[in-house]
Amino acid sequence: MASLLFEENLFCPVCRDVFRNPLLLMCSHSFCRECLEQYWQHSELRTCPLCRSSCSLESPPCNLALKNLCEAFIQERLHRASAGSELLCGTHKQKLVHFCMEEKQPVCEECQSTTHTNHSLKSLDEAGADLKLDLKRKLEPLKEKLEQFRMIKRTCVHTEEHVRRQVINTEALIKREFEKLHQFLWDEEMARITDLKEEEKQKSQTINKKIKKINRDILSLSDTVAAMEEQLEANNVSFLQNYKATVERTQCTLNDPEVPSGALINVAKHLGNLKFQVWEKMQNIIQYTPVTLDPNTAHPCLRLSDDLTAMRLCYHDAELPANPERFDDYVSVLGSESFVSGAHCWDVEVGGSSVWAVGVISESLLKHRENLSKQGLWHVGYYKGEYGKGLSEMLTPFRLKEKLQRVRVQLDWDRGHISFLNPDDNTLIHTFSHTFTEPVYPYLYNACPAQALRILSVQVSVTKE
């Protein structure tokens, strides 16, 4: 009886349901927030729905104690309902004592004797233990898959951070390279303006000398003309007395004046094909390498140069995100572009590296790079003091008269030839023949920390047709 009276105090007088967010009015009555707001919407005055007392509070406070009691009551009622449904048969309202293995459900004694007479039954404890064990086994693959998803998520987060670092570093390198170009252009501009000013100085000096000489000649002729005009104004006796000397002065020995040639600025020299001339001169600071390395494929122990032409082994792994294109088992790196046609050539400086390999690799083998023992890697290399050649990671030894410092790779995709030469004396090392049907990538391998492998630049030339 006491319990019923207690429960009645947990029900809202308006909706007759358990309080939800109860508000406490000044008259000590409590109502659900929603019930009170709806009541006041349809009422002219803000009064208590029970005692009609006026409420001057704009926002009545929450009855926290009542709210906690109502929430605890709801949880207890749900627990009782849940416990009762687990222990009683839904059909016969009897205690559940067995578990039907065919229909996978708990049954009571009445169910056993009626609808489950020929079924395999187990006690609830035995069935619970067996099925929990079976569920655990089925749960393992889900846990593994969940861990895979979490691992891939961590990789994606790491990749996103790495992408941001790549952008920052690449942007800095781009700015540095353009600063070099800007400086070259500024220097070239200043040099050309200096040349222009120097020509102006020379031309001005020449013209000034000419003007000074002309001024002297003008002064001399002016004096002569003035003296003759003075004689013309004199009387006849004086005129005739000085006539012989006056006539001699009319014999002018000065050369006729001429406008100096080449006095103007040679504008064509300074402006003619200006952009082309600067571009042509720019060849001195520009390097071109036929192959650049792809850092996204480089083994974590490899360090690439900023210009992506050299790779060196470093025993400390860089913190790089997992990448399907990256070499994980071989300290290798690919060229940034594949070849699907045409003839291509590049030189690799191997220097004093004790373990190296250079060549090309097929796209299909890249998809199975965990096993480079398959054919699809055409290369020559150096290992344990011997040179070797091969179509896979395995090398067949061969002899050379001199130690290689550089290796030239010549690929003719259309004709199906891959040749390796010593560029120092242009001697052939070896040639592979193969009918290519897929893209191939330049391939470099270096396991020597003391020596970097470098793609050598080629001479750039500007031609005029």
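Worth a mention:
- Of the GluC sites (Glu not before Pro) in region 93-131, the ones in a loop by DSSP (not H, G, I, E or B) with at most 16 other beta carbons within 10 Å are 102, 103.
- Ellipsoid semi-axes in whole angstrom, largest first, where each is sqrt(5λ) of the Cα gyration tensor of region 76-215: 101, 15, 10
- Only alpha carbons enter this Debye calculation for region 242-284, each as an equal point scatterer, and the log10 of I(q)/I(0) it gives at q = 0.31 Å⁻¹ is -1.02.
- For residue 192, neighbours were defined as the other residues whose beta-carbon sits under 14 Å from its Cβ, and their charges (Lys and Arg +1, Asp and Glu -1) total -4.
- Rounded to the nearest whole angstrom, the semi-axes of the ellipsoid equivalent to region 244-361, taken from the Cα gyration tensor as √(5λ), stand at 71, 15, 14, largest first.
- Descending semi-axes in Å of the chain, equivalent ellipsoid built from Cα gyration tensor: 97, 53, 16
- Axis of helix 64-87 versus longest Cα principal axis of the chain: the two differ by about 70°, to the nearest ten degrees.
- Entry for region 352-465 at q = 0.12 Å⁻¹: log10 I(q)/I(0) = -0.45, Debye formula applied to identical alpha-carbon scatterers, no solvent contribution.
- Alpha carbon centroid spacing (whole Å) that separates region 6-34 from region 188-263: 121
- Helix-only mean residue ellipticity at 222 nm for the chain, each DSSP H run of n ≥ 4 adding -39500 (n - 2.57), per residue, nearest 500: -13500 deg cm²/dmol
- Distance violations [Cα-Cα > 32 Å] among 367/401; 175/367; 143/374; 374/403; 281/389: 367/401; 175/367; 143/374; 281/389
- The percentage of C-alpha pairs in region 190-261 whose separation is greater than 14 Å is 72%.
Read-outs: derived from the displayed coordinates by stated rules, not from any lab. Just so it is clear, the structure is predicted and the values come from calculations on it, not from any experiment. As a convention, Cβ positions derive from the backbone with ideal geometry for all residues, glycine included, and neighbour counts pool all protein chains shown.
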